[in-house]
Amino acid sequence: MSSRKASIRLNPKESGALWDKAYRALRSALLAGRYGPGDKILLRDTAEKLGISLTPVRDAVNRLVAEKALERGSVGQGGGATVPLLQPDQFIQLMTVRLALEPMAAAMAAERASAEDVRDIEADLARMKSSVEQHHLDHYLEAHHRFHFGIYRLAAAPLVLEIIESVWLRCGPTLNLALPSTIPSLKRYPFHARALQALREQDAEAAAAAIRDDICSAQNEIALQLDRIHQTRT
């Protein structure tokens with residue numbers, strides 16, 4: 001489905017075992033939406049991008065398949081994997097978890113946010129807006145991910161954050177369906193701006209409401225697209 005293969009970038013970390021390096025690079029790319037549904041992850045291509053051998057990449061892909069973030073590839077992919085296209089009910093279930101946890105994390109974050117914290121998140125929102133003007137889809141997706149998780153980390157609830165990350169790992173690529181193919185939309189910018197203002201004012205209720213509205217808006221739009229896609233395949 002996706003035609004963005006040339007734009008996909010992997011950002012490996014230097015420390016740690018090689019398989020962990022590959023896992024973290026692929027995981028970060030999936031979380032940030034740098035892969036879309038239908039994208040193929042080829043072992044040899046990924047190994048070349050990361051500057052490592054095939055074996056640690058295969059181990060990383062196997063782990064992501066076990067976590068259901070990827071689907072096993074065909075023999076023709078050299079043991080690679082494919083980013084799955086979620087079924088509509090799968091997507092709704094994942095978004096239901098998001099709706100349960102992310103507004104709560106945003107409310108907790110608002111109660112703890114410092115002026116410095118707010119400036120960092122404001123910078124990510126500014127990057128989201130500038131990426132639209134510059135037609136940089138990758139930059140938008142990365143800034144969007146940093147914006148949300150910059151808020152959730154402020155909640156200082158590592159177990160909650162871990163669950164949120166696991167959900168994003170499975171639905172992050174599907175969130176790309178809410179974006180036009182050539183340029184991201186600022187359709188949900190007001191929700192993000194409201195969340196930022198709530199952090200400034202340390203208004204927990206308003207922060208939760210802004211994140212909830214953002215998730216609901218994306219859920220409704222993407223669920224309709226998934227229905228149409230699957231209907232054309234049947």
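Based on this model, can you work out whether Ile211 counts as assigned to a helix (DSSP H, G or I), under 30 Å from Ala81 (Cα atoms) and not charged (D, E, K, R)? Here the answer is no, as Ile211 does not meet what is asked. The residues on offer are Leu137, Leu196, and the sole one that is modelled with pLDDT under 95 and either surrounded by 15 or more Cβ atoms within 10 Å (Cβ to Cβ) or within 12 Å of the chain's Cα centre (by Cα) (or both) is Leu137.
Of all the criteria given as (1) part of a loop (DSSP other than H, G, I, E, B); (2) modelled with pLDDT of 95 or more; (3) under 23 Å from Thr96 (Cα atoms), the one not satisfied by Gln202 is (3). Output the qualifying pairs, or none if there are none: Cβ atoms under 6 angstrom, residues six or more apart or on different chains, first residue in region 48-72 and modelled with pLDDT of 90 or more, second residue of a type in the set (Val, Ile, Thr) and surrounded by 16 or more Cβ atoms within 10 Å (Cβ to Cβ). If the second residue must be of a type in the set (Val, Ile, Thr) and surrounded by 16 or more Cβ atoms within 10 Å (Cβ to Cβ), the pairs left are Val57/Thr46; Glu71/Thr82. For region 42-130, the helices (runs of 4 or more DSSP H) that sit wholly inside it and include 1 or more residues that are touching a strand residue (DSSP E or B) at 6+ places or on another chain (Cβ under 9 Å) and not basic (Lys, Arg) are 43-50, 54-66. I'd like the full set of residues that are surrounded by fewer than 16 Cβ atoms within 10 Å (Cβ to Cβ) and closer than 12 Å to Phe91 by Cα, limited to region 224-234. Scanning region 224-234 gives Leu224, Gln225, Asp227. Of the listed requirements (1) free of Cβ contacts under 8 Å to residues at least 24 places away in the same chain; (2) closer than 21 Å to Ala123 by Cβ; (3) surrounded by fewer than 16 Cβ atoms within 10 Å (Cβ to Cβ), Asn220 misses just one: (2). Scanning region 92-112 for residues that are among the acidic types (Asp, Glu) and not assigned by TED's automatic domain parsing to the domain that holds Glu205 turns up nothing. Scanning region 142-179 for residues that are closer than 22 Å to Pro84 by Cβ and small (Gly, Ala, Ser) turns up Ser166, Gly172, Ala178. Does at least one position in region 157-179 carry a residue that is over 23 Å from Ala29 (Cα atoms), out of contact with any strand residue (DSSP E or B) (no Cβ under 8 Å at 6 or more places or on another chain), exposed (fewer than 14 other Cβ atoms within 10 Å of the Cβ) and of a type in the set (D, E, K, R)? Among the residues of region 157-179, not one is over 23 Å from Ala29 (Cα atoms), out of contact with any strand residue (DSSP E or B) (no Cβ under 8 Å at 6 or more places or on another chain), exposed (fewer than 14 other Cβ atoms within 10 Å of the Cβ) and of a type in the set (D, E, K, R), which makes the answer no. Reported count of residues in region 204-217, each being buried (at least 18 other Cβ atoms within 10 Å of the Cβ) and among the acidic types (Asp, Glu), is 1. Kindly indicate whether any position in region 146-157 is modelled with pLDDT under 90, part of a helix (DSSP H, G or I) and in contact with a helix residue (DSSP H, G or I) (Cβ under 7 Å, 6 or more places away or on another chain). Scanning region 146-157 turns up no residue that is modelled with pLDDT under 90, part of a helix (DSSP H, G or I) and in contact with a helix residue (DSSP H, G or I) (Cβ under 7 Å, 6 or more places away or on another chain). Just one of the listed residues (Asp138, Asp117) is acidic (Asp, Glu), touching a residue at least 12 places away in the same chain (Cβ under 8 Å) and within 30 Å of Arg44 (Cβ to Cβ), and it is Asp138. With the structure loaded, tell me whether Phe147 is surrounded by 16 or more Cβ atoms within 10 Å (Cβ to Cβ), assigned by TED's automatic domain parsing to the domain that holds Asp227 and under 30 Å from Val61 (Cα atoms) or whether it fails that test. So Phe147 fits the description; yes.
The values are calculated or read from the model by the stated rules, or taken from the named source; none is laboratory data. Note that this is a predicted model, so its numbers are computed, not measured. Every residue, glycine among them, receives a Cβ derived from its backbone with ideal geometry; neighbour counts consider all protein chains shown.
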